[in-house]
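Asks: One structure coming up, written as structure tokens, with questions to follow.
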Amino acid sequence: MNSKPETPDSQLPLNSVLCGECVAVMARLPAGCARLVVADPPYFQVLREQSWDTQWPDMDAYLQWSARWIEAAMRLLLPGGLLYCFGQLGKREHALLHLMSQSARRWQFHDLIIWDRAVGYNERSDSFTPAYEMILVLRCEGGPVYFDKDAVREPYDAATKALYARDKRYKDAAARQAHLEKGKYATNLWRIPSLKGASKEKAGHPSQKPRAAIERIVASSSAPGDLVIDPFLGSGTTAVVAQTLGRPWIGIEQSEEYAALARRRISSQLADDS
Ligand SMILES: C[S@@+](CC[C@H](N)C(=O)[O-])C[C@H]1O[C@@H](n2cnc3c(N)ncnc32)[C@H](O)[C@@H]1O
């Protein structure tokens, strides 16, 4: 079980992009400092033209490294804190299946979210076109999980609201209407379009995640003021979301080019917000 933070918040490099290898950088942060880790690691040979996705000679080396970064990230969580890990199956390698299996043996499995990206990717001729990614959620044992279901309700559309409002089984019309206005609880099946090249959100990273997906994670699984850590910051999506939702954050990125991109994106977001 992780203890409470040994280092006061004022000594943590809050709201900053740390450029370096995430296992080494995380080892310098105090245990139990964060409520939430949002991790979007290299997939292993899915984006073959990206050197960061082909760093390992084979899948075993990738899985050994994955075990190391997950260990380092879980050390940072408070008891009850959650680690979200994005992943997808490659055409040839299926590293994510093995990563999930090895993680579930070592850590407490909490959830598996299916993110339907709405448009297929990685065209393959010998099977259905893949259209989803998975988000593995691991839990740090030893304390209650913080999860705000109300923060991530989904609005009912007008037709559904009208249909439910006519349902005679509900006697208390006002309570029914109030419920309909609040929207329904989000399930663990997410349909959020992936970012297209022409999307205004695109910041210049080949694997940038949509803000809407990260917002769901941060809004549900941390409270304002809780520290959120992203060990694979890329273009800075987690930092932008955390900053906007009032959570302190720390982002780690090994590429100087992407670290600079993330810093620029975060500054321009802050300028837009002010
Ligand atoms: C899948 S991308 C993350 C994209 C990000 N979620 C976004 O929305 O822009 C993975 C990132 O991890 C970085 N990376 C790869 N290995 C790393 C390591 N060992 N430590 C830190 N960053 C690493 C890569 O440079 C890449 O930018």
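Asks: Return the residues of region 176-186 that are out of contact with any Asp or Glu (no Cβ under 6 Å at 6 or more places or on another chain) and either closer than 24 Å to residue 220 by Cβ or at pLDDT below 80 (or both); say none if nothing qualifies.
Replies: 178, 179, 180, 181, 182, 185, listed by residue number.
Asks: Exactly one condition in (1) hydroxyl-bearing (Ser, Thr, Tyr); (2) under 25 Å from residue 132 (Cα atoms); (3) at pLDDT 95 or above is false for residue 194; which is it?
Replies: (3)
Rundown of residues vs (1) in contact with a helix residue (DSSP H, G or I) (Cβ under 7 Å, 6 or more places away or on another chain); (2) modelled with pLDDT of 95 or more, yes/no style:
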{"position": "108", "(1), (2)": "no, yes"}
{"position": "124", "(1), (2)": "no, no"}
{"position": "128", "(1), (2)": "no, no"}
{"position": "139", "(1), (2)": "no, yes"}
{"position": "145", "(1), (2)": "no, yes"}
{"position": "148", "(1), (2)": "yes, yes"}
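Asks: Within region 1-33, can you find the residues that are among the basic types (Lys, Arg) and at pLDDT below 70? Steps first, answer last, please.
Replies: Step one: of region 1-33, the residues among the basic types (Lys, Arg) are 4, 28.
The one that is among the basic types (Lys, Arg) and at pLDDT below 70: 4.
Asks: What are the residues in region 49-83 that are small (Gly, Ala, Ser), within 21 Å of the chain's Cα centre (by Cα) and farther than 15 Å from residue 27 by Cβ, if any? First the steps, then the outcome.
Replies: Going residue by residue through region 49-83, those that are small (Gly, Ala, Ser) are 51, 61, 66-67, 72-73, 80-81.
Going one step further and asking which of them are within 21 Å of the chain's Cα centre (by Cα), we end up with 66-67, 72-73, 80-81.
Once the filter is applied, which keeps residues that are small (Gly, Ala, Ser), within 21 Å of the chain's Cα centre (by Cα) and farther than 15 Å from residue 27 by Cβ, region 49-83 yields 66, 80, 81.
Asks: Restricted to region 38-82, and to residues that are at pLDDT 95 or above and of a type in the set (Val, Ile, Thr), which residue is nearest to residue 99 (Cα to Cα)?
Replies: That would be 70.
Asks: Now for a separate question. Checking residue 155 against (1) without any contact (Cβ under 8 Å) to a residue 24 or more places away in the chain; (2) surrounded by fewer than 13 Cβ atoms within 10 Å (Cβ to Cβ): exactly one of these is not met. Which one?
Replies: Of everything listed in (1) without any contact (Cβ under 8 Å) to a residue 24 or more places away in the chain; (2) surrounded by fewer than 13 Cβ atoms within 10 Å (Cβ to Cβ), residue 155 misses just condition (1).
The values are calculated or read from the model by the stated rules, or taken from the named source; none is laboratory data. Nothing here was measured: the structure is a model prediction, and the numbers come from that model. Positions of Cβ are generated from backbone atoms using ideal geometry, with glycine treated the same way; all protein chains shown enter the neighbour counts.
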